[in-house]
Amino acid sequence: MPGSSQRKGAIRKKPRGNPTAGSGGRVRRGLEGKGPTPKAVDRVKHPAHKRAKAAERAKEREQRGRRPARKDADSTVEWVYGRNPVVEALRAGVPASALHVAEGTERDARLREALLVAVETGVSVLEVPRSELDRVTAGGAHQGVALQIPPYEYAHPDDLLQRAYDAGEVPLIVALDGVTDPRNLGAITRSAAAFGAHGVVVPERRTASMSASAWKTSAGAAARIPVARATNLNRALKSYKDAGLLVIGLDMNGAVELPEFEAATEPLVLVVGSEGKGLARLVRENCDLIVSIPMTSVTESLNAGIAAGVTLYEISRRRG
């Protein structure tokens with residue numbers, strides 16, 4: 001149009017005095033760097049951070065020295081009931097908190113023996129209503145008598161190694177992989193004490209615990225040699241390997257027969273497998289060597305308790 005200073009096709013500029021809404025700097029700040037990436041060891045979820053924390057805990061344990069045995073948090077009070085089982089448990093030296101006798105129970109020879117042994121060994125004798133024994137034994141055939149067994153105080157796997165060092169002896173530790181029969185646990189504990197081992201390690205799960213049955217089978221050896229509980233058996237075996245111990249698995253298909261086992265005088269962890277399945281795959285992979293016991297018949301096999309006793313005897317004989 002005539003008189004107009006605006007040319008056709010020209011870009012019209014916005015007046016300076018008319019600001020419009022913007023990002024408020026959010027876009028610019030979003031483009032700014034966040035600084036250097038933290039080191040792997042400083043990232044809480046990174047494996048390197050977890051390894052560093054584990055190393056710190058191990059160092060703290062080393063500085064504190066030997067760790068005291070600790071009571072297992074998952075253990076509960078156990079009851080042995082019935083006149084014969086109670087007498088047998090007391091005679092075997094099973095640690096007991098109290099002997100409970102139902103009011104009005106006829107005192108035959110077995111009950112009198114139980115009372116006599118309890119008094120001799122300092123076990124408290126309590127007379128309680130029969131309904132109380134019915135409750136604590138869940139309606140079992142208690143025959144008017146029950147023995148209260150406190151939770152077993154398990155050691156830490158590190159304690160067993162420290163026990164050997166304190167005695168100035170070559171370490172010998174027995175580890176059980178899936179041994180579920182408490183009588184086998186008791187028998188192995190007895191053999192370990194008899195042949196100079198420094199302790200027995202059991203996993204936290206899927207294994208026999210130090211119950212009254214295991215105590216009885218150990219014939220009091222459980223009071224002389226510590227039994228440790230490992231949260232993870234494979235991790236415990238690796239820790240022993242890092243400390244310089246050889247991990248030896250016991251299996252009927254071992255590469256070396258027991259009479260030819262020349263490393264018996266070295267620091268050892270003897271791993272005994274379960275009664276039916278033997279060594280688990282990961283446990284076998286963690287073993288430095290698999291040893292077998294030669295037998296005259298290939299159709300025969302030994303249970304875990306006997307196999308451990310034979311092997312521990314041979315190790316003890318070689319150490320002389």
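Nothing in this text is a laboratory measurement; each read-out follows from the coordinates by a stated rule. Model, not experiment: these values are computed from the prediction. All Cβ positions, glycine included, derive from the backbone under ideal geometry; neighbour counts span all protein chains shown.
Summary table below
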| item | result |
| --- | --- |
| ARG319 paired with THR180, simple spin-label distance in nm, labels 7 Å along Cα-to-beta-carbon | 3.2 nm |
| Anisotropy class of segment 203-246 from Cα gyration tensor, a/c 1.5 cut | oblate |
| Highest-first arrangement of 95-104, 235-244, where packing means the average Cβ count within 10 Å | 95-104, 235-244 |
| Förster radius 25 Å - calculated FRET efficiency between ARG284 and ASP242, Cβ distance, rounded to 0.05 | 0.85 |
| Distance from segment 249-294 to segment 183-216 (C-alpha centre basis), Å | 18 Å |
| Selected from ALA175, VAL202, ILE188, residue furthest toward positive end of dipole (segment 156-202; charges at beta carbon) | ILE188 |
| Highest-first arrangement of 109-119, 147-157, where packing means the average Cβ count within 10 Å | 147-157, 109-119 |
| Spin-label pair GLU88/GLU260, simplified geometry with 7 Å Cα→Cβ offset, distance in nm | 4.2 nm |
| Length gained when the stretch ALA98-GLU56 is fully extended (0.36 nm per residue, less Cα-Cα span) | 10.9 nm |
